[in-house]
Amino acid sequence: MMDQPANSSPSNTGAPPEVSPAAAWLDTGSDHALREMHAYMRLTREWDLRYEKMFKTGALSKWYSSVGNEAATVAAASAIEKGDALVSLHRDAGAILRHYVDIETLIPEIFPSNMNLIRQPLGGDSRERLFRLACQMLGRQHGYSAGHERSYHYNHMEPEHGLIHIGMISHLGSMIPVAAGAALSFQQQKSDRVAINFIGEGATSTGDFHEGLNIASVWKLPFILIIENNHWAFSTPTSQQYACDNLASRAIGYGMAGVEVDGNDPIAMHQVMQEAVQRARSGEGPTLVEAHVGRHRGHSEGDDSLDQVPGDELKGYLENDPMDLIETRMVNGGIVSRAWLEEIREKCAALIMEVVDEAMSMPEPEPNSDRSIHAE
Ligand SMILES: Cc1ncc(C[n+]2csc(CCOP(=O)(O)OP(=O)(O)O)c2C)c(N)n1
């Protein structure tokens, strides 16, 4: 059942596996697929940079950054559709933005008119969703949890648009059985919908990882678990986290498919996810996807966990920044110019700035207010 890992790493010495250099990517993936991935990756990067800046100036007390995870998360969410369940954690802004927003309605000139989209948007009001997401991040009344939590601790459902988003609770690994439960409900309804769930490699050492994957495989649930392996769990390196060669191979023990993939490559990631979604929709059961990404930020902004990462390892991550890699790939492939990329960056940054400023002007929740006031 184990798929051939996309790239096998040596035994776990704690050193991150080698990531393909940008050049190895050229000539793979269609122009349109790259443009679509890039648009959402850029939107996600500007989203994070805005809040990171606010954190640095004291306008925000806490931030968990998705910088470095954009290719893995955007590509994964590009493989799901209306009615599928997204179960996210703290580094998955890319998947949330990909799922919630039709970028073309917000920045109409972002794609050429003959663009073949990989994934159709959900429908509904993208601008309103983005605005409410910003309110959520800032703990404003108009956020998805009515300002009672901030950050990614919330759920949001729009059944009329097939939007099912189950957000995180902090306990590592605990969302795995919840996501498997969503997959079970699809199976019981005899629908062909799937549930995808992101976790960090730190969560793979919890009991919930075992329980969730075991039952998902025994019952052949339409479930995909994506490990975003950035090789550090807070300040614990993988050499202190697990002793197996790679995490994808754990799938063998559960009797399910497992794939290891370069999470900096959105095209490779998307191919792996498409296969996994197809497997799940056709009743062949779950897939464990291990996506290697870089550790670009500490666990949260302002903690000192990034100081633990040795300088040469950090340098390797920075040299393989998925945003730089996809842009170099697009320019070298003659798809777009550097000037066009800069124009799109400015448009994404301006959109995020506008939405976040608007959210900042909204009221905070009244003490003792009902959290369901603004949540559908
Ligand atoms: C069950 C549980 N144990 C410990 C913690 C404290 N904790 C919060 S984040 C974290 C490390 C997270 O590591 P990982 O999942 O790899 O994500 P990342 O390092 O990218 O934040 C720990 C140990 C927790 N939230 N839940």
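The values are calculated or read from the model by the stated rules, or taken from the named source; none is laboratory data. Note that this is a predicted model, so its numbers are computed, not measured. Every residue, glycine as well, gets a Cβ built from its backbone with ideal geometry; the counts of neighbours run over all protein chains shown. Protein only, heavy atoms only, side chains kept; ligands, DNA and RNA dropped before computing areas. Shrake-Rupley method; radii C 1.70, N 1.55, O 1.52, S 1.80 Å.
Whole number in Å², please: accessible area per residue of the stretch 33-360, 1.4 Å probe, ligands, DNA and RNA not counted.
Numbers: 11310 Å² over 328 residues.
Accessible area per residue: 34 Å².
For Ser369 paired with Asp102, estimate the spin-label separation in nm (one decimal), with each label point 7 Å from Cα along the Cα-to-Cβ line.
Spacing of the two 7 Å Cα→Cβ label points: 3.0 nm.
What do you get when you divide the Cα radius of gyration of the chain by 2.2 N^0.38 Å, with N the number of residues?
The reported ratio for this selection is 0.93.
Determine the gain in length on full extension of the stretch Ile252-Ser361; use 0.36 nm per residue of separation and subtract their C-alpha separation, reporting nm with one decimal. Each step should come with its number before you reach the end.
Numbers: separation 109, 0.36 × 109 = 39.24 nm, distance 5.14 nm.
Length gained between Ile252 and Ser361: 34.1 nm.
With all protein chains present, how much of the accessible area of the chain (probe radius 1.4 Å) comes from carbon and sulfur, to the nearest whole percent? The partial results should precede the final answer.
Details: 7460 of 14800 Å².
Using a 1.4 Å probe with all protein chains present, the chain comes out at 50 percent carbon and sulfur.
With the cut-off at 1.5 for a/c, could you classify the stretch 139-258 from its C-alpha gyration tensor as rounded, prolate or oblate? Write out the running numbers ahead of the final one.
Values: a/c = 2.76, a/b = 1.21, b/c = 2.28.
In terms of gyration-tensor shape, oblate.
If R0 is 51 Å, what FRET efficiency do you get for Ser337 and Ala243 from their C-beta distance, rounded to 0.05? It would help to have the intermediate numbers written out before the result.
Numbers: r = 48 Å, r/R0 = 0.93.
The pair Ser337/Ala243 has a calculated efficiency of 0.60.
Restrict the search to the stretch 219-310; then list the GluC sites (Glu not before Pro) that DSSP places in a loop and that have at most 15 other Cβ atoms within 10 Å of their Cβ.
Values: sites: Glu228, Glu260, Glu275, Glu284, Glu290, Glu301; in loops: Glu284, Glu301.
Sparse-neighbourhood loop GluC sites (Glu not before Pro): Glu284.
If a/c stays under 1.5 just call it rounded; otherwise compare a/b with b/c (prolate if a/b is bigger, oblate if not). Do that for the stretch 234-339, with a ≥ b ≥ c from the square roots of the Cα gyration tensor eigenvalues. Let's see the in-between values first.
Details: a/c = 2.64, a/b = 1.13, b/c = 2.34.
Oblate, since a/c reaches 1.5 and b/c is not below a/b.
Can you give the FRET efficiency for Leu318 and Thr236, using 1/(1 + (r/R0)^6), R0 = 30 Å, r = Cβ-Cβ distance, to the nearest 0.05?
On the way: r = 21 Å, r/R0 = 0.70.
That pair, Leu318 with Thr236, gives E of 0.90.
Before anything else, pin down the relative contact order of the chain: Cα pairs under 8 Å, at least 6 apart, normalised by residue count, whole percent.
Relative contact order for the chain comes out at 26 percent.
Nearest 5 percent is fine: what portion of the DSSP beta bridges confined to the chain is antiparallel? The partial results should precede the final answer.
Values: 5 of 29 bridges.
Expressed as a percentage, antiparallel bridges in the chain total about 15.
Near Val194, within a Cβ-to-Cβ distance under 14 Å, what is the net charge of the other residues, with Lys and Arg +1 and Asp and Glu -1?
Charge balance in the 14 Å sphere: +2.
Need the full-extension length gain, Ser205 to Leu49, defined as separation in residues times 0.36 nm minus the C-alpha distance. One decimal, nm. Spell out each step's value before the answer.
Working: separation 156, 0.36 × 156 = 56.16 nm, distance 3.06 nm.
Here the segment from Ser205 to Leu49 would lengthen by 53.1 nm.
Under a point-charge model restricted to the Cβ atoms of Lys and Arg (+1) and Asp and Glu (-1), what is the dipole moment magnitude of the stretch 33-360 relative to its Cα centre, in debye to the nearest 20? Don't skip to the end; give the middle numbers.
On the way: 29 positive and 44 negative charges, 119 e Å.
That gives a dipole near 560 debye.
Output the direction-averaged projected area (hull surface divided by four) of the convex hull of the alpha-carbon atoms of the stretch 199-239, in nm².
Numbers: hull surface 12.1 nm².
That works out to 3.0 nm², a quarter of the Cα hull's surface.
Cα-Cα over 24 Å: which of Lys62/Lys82; Lys82/Lys347; Lys53/Lys315? Present the calculation step by step, with values, prior to reporting the outcome.
On the way: Lys62/Lys82 32 Å; Lys82/Lys347 27 Å; Lys53/Lys315 22 Å.
In this structure, Lys62/Lys82; Lys82/Lys347 lie more than 24 Å apart at Cα.
Using a cut-off of 14 Å between beta-carbons, work out the net charge of the residues near Thr238 (Lys and Arg +1, Asp and Glu -1, Thr238 not included).
Numbers: positive: Arg250, Arg295; negative: Glu201, Glu228, Asp245, Glu260, Glu290, Glu313.
Counting the neighbours of Thr238, the net charge comes to -4.
Of Gly147, Phe131, Ile110, which is farthest on the positive side of the dipole of the stretch 94-155, counting Cα position, with +1 on Lys and Arg Cβ, -1 on Asp and Glu Cβ, and the Cα centre as origin?
Going by the charge dipole, the pick is Gly147.
Using a Förster distance of 41 Å, how high is the FRET efficiency between Asn114 and Ile169, based on the Cβ-Cβ distance and rounded to 0.05? Display every interim value, and only then the final one.
Working: r = 43 Å, r/R0 = 1.06.
Once the sixth-power term is evaluated, E becomes 0.40.
First check a/c for the stretch 299-368, with a ≥ b ≥ c the square roots of the eigenvalues of its C-alpha gyration tensor; if it is under 1.5, answer rounded, and if not, answer prolate when a/b is larger than b/c or oblate otherwise. Intermediate values should be presented prior to the final figure.
Numbers: a/c = 4.58, a/b = 1.24, b/c = 3.69.
The shape class here is oblate.
Provide the gained length on full extension for the span Asp125 to Trp219, in nm with one decimal, where the gain is 0.36 nm per separating residue minus the Cα-Cα distance. Before the final figure, lay out the partial values.
Working: separation 94, 0.36 × 94 = 33.84 nm, distance 3.65 nm.
30.2 nm is the gain from fully extending Asp125 to Trp219.
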